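Please read the structure below before turning to the comments.
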Amino acid sequence: MQHSTGELSSSLKYEVMEDTDGKVVGRLWSDNPVATYRELGTGLVGEASPKNLPDGINPVYTQHPWFIPADLVDTDLNAVYGLPEITINHRKFYRTNGQPARQFMAPAIKTAGEDGPDVIKEHVQKELGELGK
């Protein structure tokens, strides 16, 4: 498990293009599965947590707890997230019901949509100013 390494933010990709109606449209995504888990949450906890989802997006969540082998993660999940530790056959595990949604992409997309016209206007005015020199 990577914790606060920037791995998630560096996995983000985007695309901006003009659609068939002449409108500028964009999309943001990540191929890192952690981005999906963070955006939507996981398990019962993720299902119950508030989130802003586009119409037609209806995630399906695991409905039972699961175990994470402690020797497969490089972080103490009990210390960081409070996950209970249990030992089964002399092997330590963390038990979880999931994690809450901690959206970062949906709010960024919303902000970009709201700020987009002003950003474009600023850049156009700057470039026009450069032409007048």
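Okay, here's what the table says:
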quantity	calculated
Farthest toward positive dipole pole in the chain [+1 Lys/Arg, -1 Asp/Glu at C-beta], among V16, V34, L44	L44
Once the Cα gyration tensor of the stretch 9-77 is diagonalised, semi-axes √(5λ) in Å	32, 18, 8
Two-site FRET efficiency, N89 against Q63, from Cβ-Cβ distance with R₀ of 30 Å, rounded to 0.05	0.70
Overall Cα dimensions of the stretch 48-123 - principal axes, largest extent first, Å	63, 28, 17
Helix-derived mean residue ellipticity, 222 nm - over the chain, DSSP H n ≥ 4, -39500 (n - 2.57), to 500	-11000 deg cm²/dmol
Pairs beyond 21 Å (Cα-Cα), from K51/K121; K51/K110; K23/K51	K51/K121; K23/K51
Reciprocal mean inverse distance between Cα atoms of the stretch 64-106 - Kirkwood radius, Å	11.4 Å
The chain, dipole about Cα centre (Lys/Arg Cβ +1, Asp/Glu Cβ -1), debye to the nearest 20	420 debye
Selection from H90, L72, Q103, by position along the positive dipole direction of the chain (Cβ)	H90
Residue with peak Gaussian network fluctuation, the chain [Cα springs, cutoff 10 Å], from N32, N97, N89	N89
R0 of 25 Å, Cβ-Cβ distance I120-V34: FRET efficiency to nearest 0.05	0.20
If the convex hull is drawn through the Cα atoms of the chain, its volume per residue in Å³	154 Å³
The chain: relative contact order in percent, alpha carbon pairs under 8 Å with at least 6 residues between	25 percent
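Read-outs throughout are calculated quantities, based only on the coordinates presented, and are distinct from any laboratory measurement. Because the structure is predicted, anything quoted here is derived from the model rather than measured. Methodologically, a virtual Cβ is constructed for each residue, glycine included, from the backbone with ideal geometry; neighbour enumeration extends over all protein chains shown.
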